[in-house]
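Data block below; observations after.
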Amino acid sequence: MPIDQVLLFIAAGWLLNLTPGPDVLYIVSSTLRAGVRAGVLAGLGITAGCFVHIAAAAVGVGALLAASSTAFALLKYAGAAYLLWTGVRLLMARPPAADKAGAWLGAPAPATAPAASLRQVLMGGFWTNVLNPKVAIFFLAFVPQFIAPDEGHKTLAFVLLGVLFNLNAIPVNIGWALAAAWMARRVAAVQRRLHRLDQLAGLMFVGFGLKLALSDNPA
């Protein structure tokens, strides 16, 4: 693959990963609720979910989702249900205690549950991505555009480009977490109204879930 094509692929991947969506919302909301470390773990969980889609597309599962309305619908509704559940959980969350209002961003998590909560953030990012069939369809639609028609090992090329796309996304995801942390540290209103942000994120997750549930099987 010529170097100019590789650079074009990397640039396109960065632009796509900078586009706000459920993954970006999950990273930002995790950072605002539990700090930079949680935001980075959310991004890594999403990246792990993308590797599942790359492997699935490489063995033909992605093509099955694109061709079978039943298979697409099953995974679509599972993903929509997960997004809706995440949104409702944020909407039902209790306001943070007053003594934790200033420590939610950068200070160490309370000793009672840091490991468990961070593990939940990581797995939440993973399932948010894995249960979205549009990610599998995206890889099938995007990656082959950069594979030459006369390439002798198309499956290997697909996997390598998919891995490059995922590795390329890691600094973008970390950047979203750092940007959310930077903004929250400097905007007092954000710190005082963390619960309102939870509710806003919950509404957006519900919206993404409904949008996914009502989406059609792509041609």
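The values are calculated or read from the model by the stated rules, or taken from the named source; none is laboratory data. All of these numbers come straight from a predicted model, not from anything done at the bench. Methodologically, a virtual Cβ is constructed for each residue, glycine included, from the backbone with ideal geometry; neighbour enumeration extends over all protein chains shown.
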Counting only residues that are in a helix (DSSP H, G or I) and among the β-branched types (Val, Ile, Thr), which one in segment 109-149 is modelled with the lowest pLDDT?
Ile137
Residue tally, condition β-branched (Val, Ile, Thr) and within 14 Å of Leu16 (Cα to Cα), over segment 130-169
2
Six or more apart or on different chains, Cβ under 7 Å: which pairs go from a residue in segment 24-35 that's farther than 11 Å from Asn173 by Cα and crowded, with 24+ Cβ neighbours inside 10 Å to one that's at pLDDT 85 or above and of a type in the set (Val, Ile, Thr)? Could you list them?
Ser30/Val121
